[in-house]
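Note sheet for the following structure.
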Amino acid sequence: MKLLISGTTKVLMGLILVGLLLFLPAGTFNFAGAWTFIALLFIPVLILGAVLFLKAPDLLQKRLNTKEKENTQKGVVAASALIFLLGFILAGLDFRFGWTAVPKTVTFIASLMFLGSYALYAEVMRENAYLSRTVEVQKGQKVIDTGLYGIVRHPMYAATVIMFLSIPLILGSFIAFAVFLLYPAVIAVRIINEEQVLEKELCGYTEYKKKVKYRLIPFIW
């Protein structure tokens, strides 16, 4: 029951926050892109949360824990929050004042990419039962090197990059997209610091790095 209340509360708080950040700057609820984004974001969250609650409550508990211990990661979380705040507010203002216009075809493709990133995210969680929201090595944790982890070392972050770069296009704002382009750089900092922790604390991770060479994007980085 405690887990159910915690998860439900976080979803409701997230829904309220996103709504305020989008609809207040837009000055209206008649913001189709915002409603589309909210549906694409929260309906899969509810479905995935329900599945985890029933099938893997321990993993759901890990995903709800967002308190970082590493100072570098605390900075990454703060920078990410700033990107989201600024990006959402600018998207709302862009809708109100009509600064930019994203073609409907681009918005549709971005919506498909967003859903596709959710599918990747779900697959990563299926493969990795140690998938915490924070950078840490858990008791009994082992290196996962199969499936998506056999292609890149951080498939979850790859999914989030696709997801978050799709958001401003769904909202119909190229200005917000320019802000969200900072997100991959922030994730790169997180990955580099996380790998330093894993090399020190997770047995076999150094060998895994030799086996799977790319961190985020195959043949690039």
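Worth pointing out:
- The residue list GLU194, GLU207 contains one member that is assigned to a helix (DSSP H, G or I) and crowded, with 19+ Cβ neighbours inside 10 Å, which is GLU194.
- All conditions in (1) assigned to a loop (DSSP other than H, G, I, E, B); (2) more than 23 Å from PHE42 (Cα to Cα); (3) at pLDDT below 90; (4) aliphatic (A, V, I, L, M) hold for ALA101, with the sole exception of (3).
- Top-ranked residue in the range 151-180 [being outside any helix (DSSP H, G or I) and over 14 Å from the mean Cα position of the chain (by Cα); ranked as farthest from MET113 (Cα to Cα)]: ARG153
- Flag if VAL152 is modelled with pLDDT of 95 or more and out of contact with any Gly (no Cβ under 8 Å at 6 or more places or on another chain): no
Residues are listed down the side, and each one gets a yes or a no for (1) aliphatic (A, V, I, L, M); (2) under 20 Å from LEU90 (Cα atoms); (3) outside any helix (DSSP H, G or I); (4) at pLDDT below 95:
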{"residue": "ILE16", "(1), (2), (3), (4)": "yes, yes, no, yes"}
{"residue": "PHE23", "(1), (2), (3), (4)": "no, yes, no, no"}
{"residue": "TRP35", "(1), (2), (3), (4)": "no, yes, no, no"}
{"residue": "LEU46", "(1), (2), (3), (4)": "yes, no, no, yes"}
{"residue": "GLY49", "(1), (2), (3), (4)": "no, no, no, yes"}
{"residue": "PHE53", "(1), (2), (3), (4)": "no, no, no, yes"}
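The values are calculated or read from the model by the stated rules, or taken from the named source; none is laboratory data. A quick note: this is a predicted structure, and the numbers were derived from the prediction, not measured. Counting neighbours? That spans all protein chains shown, and the Cβs are built from the backbone with ideal geometry, glycine included.
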